[in-house]
Amino acid sequence: MVTISNLQFNYGSHEVFSNLNLTFDEGKIYGLLGMNGAGKSTLLYLMSGLLFAKQGSVDFNGHNMSRRSPSALADLFIVPEEFDLPAMTFERYIKLNAPFYPNFSRETLDRCLQGFGMTADMNLAHLSMGQKKKAFVCFALACNTRLLLMDEPTNGLDIPSKSQFRKVVAECMTDNRTIIISTHQVRDVENLIDHIAILGNQQLLFDMSVSQICDHLTFADCKLGQQPEGAIYTQPSALGSAVVCKRTAADSETPLDIELLFNAVLANTESVKQAFAAK
Amino acid sequence: MNNWFNIKRFWLVVQHEFANAWIEIAIFAAMFPLSYIIAQTNSLTGKALPLLFAAAFILYQWALPARVFANMKSGTQCISYLTLPASNAEKFYARLLIYWLLPTLLFLLSCSPALTPEAYRSHVVYNTDLVISVGVILMQSNAAVLFGTLFRRFGLPLLLLFEALLLVSVIVISISARDITDNLNFEPAVSIVEYVGTEVDNDLSFARLKQVVAAFVCTSAVVNIGLARILFSRKRLRRAMLNTNVE
């Protein structure tokens, strides 16, 4: 679906990516994680052709994204962290924008809006930022593009809307679609994403599916002084310490703790990778 | 799918862009009748006409074309524009249509009181050579589009600065060259007044008016398409125009 090859990108003298290689397959929801300034948004912009790589390429279904061809753009939608919606009714917005997306579905839009408790007969100028975001996410999902990029989609959403967001995204997911969600709010996308990519130090630090992670690692809270042997990463928690361990044949599967995994990868990338090298 | 230019997609882009720009266009369009009324209170001949012409020129050949990309102030506005599924050419020509062709029509409409046969001899355009007049207006509107394209919201201030510098340069050169030109026996170009004749003939005047409009619109359209093509073929300019750095 999307292949990033030998990508190099700078902002002036600041190098963001150096020889980055990454592939996004269809039928998956990716969680793109990283520290502030790691290049999550930049990667989404490079994938949507908004930025040009210094070296390397971003290929989406055979399209070089730096060319920004209409056929590629019609199959891609980006929901940036901040966006502007014109001062008009949502119906008018749909009428003006939907014809650009051949797979747009009004039925999906109405279903998503209904999920958020909204209707299409609203004026975008009168909406709060959170309401605008919900409307925009609904429109993005209804476009049915094969690649959907979302940058911090849950920022500004209220608590019920965050769970509703997970529900509408899961409902709109299909086998030939790829959704990439860049976020710091990992709790908001837990149980939604099925692949995690972590960026850092101008490289891809970690790239594994949730099932692979659960097969190779365990996440647990331990009381003080009861830390298991061979822990890959430990951090203080309310109970004592939260621990990431390599999973052995005797261990049962534990729920994925994305926050803990993220901290483990940043603190001890090599040890985490070694846990996947051989089970 | 034709990835360079598709009429149906182009029309969608025009509708999309116009829906975002119509308030601005309407404000500019509404400004002219005011000056028209002021001009009407005096006389459509004499000093009111050059003022009317100047107001229309500044509004529709400078100010509005220079705002061709003025709404692309922030990265968020650029993202929605650049990720719209249309080619760069379609997006640029749609803007050109709205911010150059439409203002040109408004300009011609606004100057219509000055295009009456009675006003021929008193109007600044018709006291000058037709080709020179059209050429200057054409050059100015294209310069406004170019400045607006390259500098976006700073297009108009930079254009005004450029024009002021140009004017000063022309004045300085003309003063210094006056002695030389005075000694040369130039044949003045045929003005519209002579071209049309001293007798007012409504049919002939209307034909000349149509020629002015046709010459203006057709030549400008050709020049603008050429300008756009040159811009798009220059990688550095294309990057500057399309605001690739959205951070």
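The values are calculated or read from the model by the stated rules, or taken from the named source; none is laboratory data. Since the structure is predicted, the reported quantities are computational estimates derived from the model, not experimental observations. Glycine gets a Cβ as well: all are built from the backbone with ideal geometry, and neighbour counts include every protein chain shown. Side chains included, ligands, DNA and RNA excluded: accessible areas come from the protein's heavy atoms. Shrake-Rupley method; radii C 1.70, N 1.55, O 1.52, S 1.80 Å.
Which of the residues belonging to the stretch A:29-67 are within 11 Å of chain B (Cβ to nearest Cβ) and among the aromatic types (Phe, Trp, Tyr)?
A:TYR45, A:PHE52
Cβ contacts < 6 Å: first residue within 15 Å of B:ASN71 (Cβ to Cβ) and more than 7 Å from chain A (Cβ to nearest Cβ), restricted to the stretch B:4-21; second residue part of a helix (DSSP H, G or I) and not aromatic (Phe, Trp, Tyr), any location; separation 6+ or different chain. Result?
Final answer for the pair search is B:VAL13/B:GLU90; B:VAL13/B:LYS91; B:VAL13/B:ALA94; B:GLU17/B:ALA94; B:GLU17/B:ILE98; B:PHE18/B:ILE98; B:ALA21/B:ILE98.
Under 8 Å by Cβ, and 6 or more places apart or on different chains, what pairs join a residue from the stretch A:251-275 that is under 21 Å from A:ILE193 (Cα atoms) with one that is acidic (Asp, Glu)?
Cβ pairs passing all conditions: A:GLU253/A:ASP215; A:LEU256/A:GLU190; A:ILE258/A:GLU190.
Do you know which residues across the stretch A:68-92 are farther than 21 Å from A:ILE181 by Cβ and more than 8 Å from every other protein chain (Cβ to nearest Cβ)?
A:ALA87, A:THR89, A:PHE90, A:GLU91, listed by residue number.
Take residues that are under 30 Å from A:SER105 (Cα atoms) and tell me which of the strands (runs of 3 or more DSSP E) falling wholly in the stretch A:161-279 contain 1 or more.
Where strands (runs of 3 or more DSSP E) fall fully within the stretch A:161-279 and carry at least 1 residues being under 30 Å from A:SER105 (Cα atoms), they are A:178-182, A:195-200, A:203-209.
Given the criterion open to solvent by 10 Å² or more (accessible area, probe 1.4 Å), within 26 Å of B:TRP22 (Cβ to Cβ), modelled with pLDDT of 95 or more and of a type in the set (A, V, I, L, M), identify the matching residue among A:ALA135, A:ALA98, A:ALA140, A:ALA125.
When all the criteria are applied, what remains is A:ALA98.
Conditions tested, residue by residue: (1) more than 28 Å from A:ILE193 (Cβ to Cβ); (2) not in a helix (DSSP H, G or I).
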{"position": "A:TYR93", "(1), (2)": "yes, no"}
{"position": "A:PRO99", "(1), (2)": "yes, no"}
{"position": "A:MET118", "(1), (2)": "no, yes"}
{"position": "A:ALA140", "(1), (2)": "no, no"}
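Please identify the pairs in which a residue from the stretch A:210-230 that is among the charged types (D, E, K, R) has its Cβ atom under 8 Å from the Cβ atom of a residue that is at pLDDT 80 or above and open to solvent by less than 20 Å² (accessible area, probe 1.4 Å), counting only partners at least 6 apart or on another chain.
What qualifies is A:ASP221/A:GLY240; A:ASP221/A:SER241; A:ASP221/A:ALA242; A:ASP221/A:VAL243; A:LYS223/A:GLY240.
All but one of (1) part of a helix (DSSP H, G or I); (2) at pLDDT below 90 hold for B:LYS8; which doesn't?
(2)
Is it true that some residue in the stretch A:234-245 is closer than 19 Å to A:HIS184 by Cβ and touching a residue at least 24 places away in the same chain (Cβ under 8 Å)?
yes
Just for the stretch B:68-95: of the residues that are of a type in the set (A, V, I, L, M, F, W, C) and touching a helix residue (DSSP H, G or I) at 6+ places or on another chain (Cβ under 6 Å), which one is nearest to the other protein chains (Cβ to nearest Cβ)?
Applying the filter and picking the extreme gives B:ALA86.
Output the number of residues of the stretch A:90-109 satisfying the condition of being over 15 Å from A:LYS134 (Cα atoms) and of a type in the set (A, V, I, L, M, F, W, C).
Here the count works out to 4.
Could you please find all residues in the stretch A:180-211 being more than 12 Å from the chain's Cα centre (by Cα) and closer than 22 Å to A:LEU157 by Cα?
A:ARG187, A:ASN191, listed by residue number.
Output the number of residues of the stretch B:64-88 satisfying the condition of being open to solvent by 10 Å² or more (accessible area, probe 1.4 Å) and small (Gly, Ala, Ser).
Number satisfying all stated conditions: 3.
Could you give every pair whose Cβ atoms fall below 6 Å, whose first residue belongs to the stretch A:159-183 and is open to solvent by 60 Å² or more (accessible area, probe 1.4 Å), and whose second residue is of a type in the set (Asp, Glu), counting only separations of at least 6 or pairs across chains?
Listed pairs, sorted by first residue: A:ASN176/A:GLU26.
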